[in-house]
Every structure is written in structure tokens, then in C-alpha cells.
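The next block holds one structure in the form of C-alpha cells; read it before the comments.
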Amino acid sequence: MSDYFIYNHGGSANHGCEALVRTVSKLFGAGIPVYSESPQQDLRYGIQELDPIEPAMTAVSRSSLSFWKAYLQLKLHRNYTEMDCLPYRKAIHSLPSGAIELSVGGDIYCYEDYHKFIRLHQAIADRGHKSVLLGCSLSESLFEDPEFVKDMQTYSYISARESLTYTMLQKAGLQNIGLTPDSAFTLEKEELPLPEGFIEGNTVGINVSPLVVRKESKPGIVVESFVRLIRHILDTTDCSVALIPHVVWESNDDRTTLKELYDAVNCPARVVLIDDCDCRKLKGYISRCRFFIGARTHATIAAYSTGVPTLVLGYSVKSRGIATDLFGTDEHYVLPVQNIQNPDSLTGAFIWLQSHENEIRKTLAEKMPDYIVSAGQLKEKVEQALERK
């Protein structure tokens, strides 16, 4: 089997991205080059101890012909894609000969700039590299774009992480597909000493992100909903609350929203603000919660995989698909942020979670061992698919 390289890694300050790199590296064998958009972030969280880190982007000379071609596309046709792709050219031209791309950006196609990732994938394919899209979740609307469907057809293998995406790929007539849980389900946890006020087994973990706030239906309703939820927990239970960040990118930092909640509630004896740390340590905190309410997909995967009853504040197919695969439905397990009209609906969803705690724990205890084993079979499925190609 040829060597691999990991691509579409945005940087480990998104600890979901970090979890994917760590688990894919472990499953496929340490030492795989990681082409990162933020190498300094990866150094900060120790990825270099597993894999060599290569910059996915480099500075572009404004005197180059390629720059002016892209600039004309931007000015004449308002086409940002060529300009956005320019910084990636040098790294793509230096990729290891014959190596296979492992794209770990599972939801990169779910954002408005997805044409950039189509173009990058084409550039890698033009260099003769086979490619694998790992752990993807895809929106139904994407399949209305012929350019997107064509791009999916050029992958050697696509591994959907939940059945809703897998079904859409099937309906589109794609043959090069499989269904395997997100590799992050296999991530090992690391337990640090708990901060004062964090009660092991009796703390409600909360993760909320600026991204989810931007998806809200009414200005301020997400923060107000969480403030009401936390006050309900403090007034009606003996639980503590732990505010747990999972992405700390400068432009999209969970700590901004979590600090707003911490200050609004103003109860330091029972509300703990967890510091940033790597994904294994964050999973260690999440695993010791009694309940978890989370917006970031990989924060909720950390909870599911350690048997913690979880409510997802979702906005896309990935949260609905994972919940459906685990529980047979996403109803009560996913609260779409776009649908929140009443600031008490989050509290109501939590009350339902409380009242079904035992049965949810039982379901996770029964399903999770096999689910994690299945996630760990990713390399085997990829290599079987590549052999067929």
C-alpha cells in the first residue's frame, strides 16, 4: 500500500480537527505528513510528536503570473476561488509522489466556500494522487450542484460518518462509498485533576460556540437560552456546571461565548470555566460529566463515546445523522438552533434528557463498544476500497 498524507486540516486550535488528526494517525500509522493550514497551532498541542507537520499554505508573490490571473478572475467575474487557492499551490506541487490523500475535513463541503475545496481536490488529482474523503457529512442541497457531484465521483473512496449522508451519496449514484463512524469516537481520554467546583459524575457540561450563535433565529436567543438553562440547573438540582470550550480559533473562539455565560450567571461556586487544553484532556473533562449539552460536533462525540447523556444544539445534517444512528431518531437528542423561538425550549429539552437519563445511559452502554470498534476499522475499509480501484 502506498504512503498517505493528511490534508484539509485547519489547525488543532479546533480540537475536533485535532481529534481527527490524532485518531487517523493512530489508525493508519504514525508518521503520516500532515499538511496544516495552521502549523503553529499543531506545534502548540503536540501533533509533531505523532506526525511531521507541513504548511499547506505559503505566501504568494504579487508579481507572479498566477497571482494576476487569479486577480483578474476576482475583479472581472467576482470569482474568489482561484485567489483563495493560490496559497496552496506550492505545497500541492511538493506532495510525496504516489502518496494517497486522506482528507480529514469531514464537513468542509458544508460551508459557502466549498468550491475552493473542489478546486484543491482537482489540483491534487491532477498531480496523480488518489484521494479519500474521511468522516464526511454532506448537505442535501450540495447534490443539486453538478460540479460537487462530479468532484465526489473523482474520490477513490468516500467514508460517510452517519447514515443520512451515506443515503444521499447512494441516491446520487456514487459507488465509491462506505459508512463508518467518525474516527474521533476512538480518541483516548486523558484525565487531569478536576478544578474546584467540578463534581465528578454530577456536573452538567456545556459547550456553545460563536458559530451556533450566528445561526440563531432571533438576536440574543442562544445566550439567553443558556443563561436560563444554567439558572434552572442551579435552582432545581445539586449539579455543578462546567463550561467547556472545544474550538479556540481567534475568529471563532468558544471561550468568548462561554465567558459571557459565566459572567451573566455569576455563580463561581458552582459554575466552572474550563481552560483550553488538547482534545484528549477535554474529553477527560467531558467524560466525567453527568450530562452534556454541546454545539461542537466533536465535543458531543467525546460525550457519546464515554457514555454521557447528551443534547446537541445542532444546525446541520451531521448532528442529526449521528443521533439517528445511535438512538434511531434525532428527536429530543438534537435541538436545531435555527428552530429556537422560545428561550425556555433549551431548558425543556434538558428536562427531557434528565427524565430519560437511565435509558440513554443504557443505550450508549450497549451500542458504544461496537460503534467504537466499527470506527476503528476505517483503515481496513479504506484499503479494501483502494485495492478495488
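The values are calculated or read from the model by the stated rules, or taken from the named source; none is laboratory data. Given the structure is predicted, the values throughout are model-derived calculations rather than measurements. Quick reminder, even Gly has a Cβ in these numbers, built from the backbone with ideal geometry, and neighbours come from all protein chains shown. The accessibility values were calculated without ligands, DNA or RNA, using every heavy atom of the protein model including side chains. Shrake-Rupley method; radii C 1.70, N 1.55, O 1.52, S 1.80 Å.
Structure above, values below:
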item: Residue that is surrounded by fewer than 21 Cβ atoms within 10 Å (Cβ to Cβ), in contact with a Phe, Trp or Tyr (Cβ under 7 Å, 6 or more places away or on another chain) and either at pLDDT 95 or above or of a type outside the set (S, T, Y) (or both), where the choices are P39, P33; result: P33
item: Members of segment 101-149 found to be surrounded by 15 or more Cβ atoms within 10 Å (Cβ to Cβ) and in a loop (DSSP other than H, G, I, E, B), listed by number; result: V104, G105, G106, D107, H129, K130, S137, L138, S139
item: Subset of segment 305-320 (residues that are crowded, with 24+ Cβ neighbours inside 10 Å and in contact with a Ser or Thr (Cβ under 6 Å, 6 or more places away or on another chain)); result: T310, V312, K318
item: Single residue of N207, N202 found to be under 18 Å from the mean Cα position of the chain (by Cα), open to solvent by less than 40 Å² (accessible area, probe 1.4 Å) and of a type in the set (S, T, N, Q); result: N207
item: Pairs, first touching a residue at least 40 places away in the same chain (Cβ under 8 Å) and within 26 Å of G284 (Cα to Cα) in segment 198-226, second open to solvent by 10 Å² or more (accessible area, probe 1.4 Å) and part of a strand (DSSP E or B), C-beta under 8 Å, six or more apart; result: F198/V272; T203/V272; S209/N252; P210/N252; P210/D253; L211/N252
item: Hey, A123 touching a helix residue (DSSP H, G or I) at 6+ places or on another chain (Cβ under 7 Å) and within 21 Å of V334 (Cα to Cα) or not; result: no
item: Residue match in segment 349-356 (condition: among the small types (G, A, S), closer than 28 Å to V271 by Cα and in contact with a strand residue (DSSP E or B) (Cβ under 9 Å, 6 or more places away or on another chain)); result: yes
item: Pair list, Cβ < 8 Å and 6+ apart or interchain, from segment 2-20 residues that are among the β-branched types (V, I, T) to residues that are modelled with pLDDT of 95 or more and assigned to a strand (DSSP E or B); result: I6/V34; I6/Y35; I6/L102
item: Residue that is most open to solvent (accessible area, probe 1.4 Å), among those in segment 150-189 that are of a type in the set (D, E) and closer than 28 Å to D370 by Cα; result: E188
item: Segment 174-190, residues that are within 20 Å of Q384 (Cα to Cα) and either assigned to a helix (DSSP H, G or I) or at pLDDT 95 or above (or both); result: L174, I177, G178, L179, T180, P181, D182, S183
item: For F291: the one exception among (1) over 16 Å from the mean Cα position of the chain (by Cα); (2) open to solvent by less than 20 Å² (accessible area, probe 1.4 Å); (3) under 28 Å from C136 (Cβ atoms); (4) not small (G, A, S); result: (3)
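This table checks each residue for (1) assigned to a loop (DSSP other than H, G, I, E, B); (2) among the basic types (K, R); (3) at pLDDT below 95.
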{"position": "G201", "(1), (2), (3)": "yes, no, no"}
{"position": "V204", "(1), (2), (3)": "no, no, no"}
{"position": "E216", "(1), (2), (3)": "yes, no, yes"}
{"position": "V222", "(1), (2), (3)": "no, no, no"}
{"position": "V227", "(1), (2), (3)": "no, no, no"}
{"position": "I230", "(1), (2), (3)": "no, no, no"}
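A quick yes/no check of all residues on (1) of a type outside the set (D, E); (2) open to solvent by 10 Å² or more (accessible area, probe 1.4 Å); (3) in contact with a Leu (Cβ under 7 Å, 6 or more places away or on another chain); (4) within 25 Å of E18 (Cβ to Cβ):
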{"residue": "I230", "(1), (2), (3), (4)": "yes, no, yes, no"}
{"residue": "D235", "(1), (2), (3), (4)": "no, yes, no, no"}
{"residue": "S240", "(1), (2), (3), (4)": "yes, no, no, no"}
{"residue": "S251", "(1), (2), (3), (4)": "yes, yes, no, yes"}
{"residue": "R255", "(1), (2), (3), (4)": "yes, yes, no, yes"}
{"residue": "D263", "(1), (2), (3), (4)": "no, yes, no, no"}
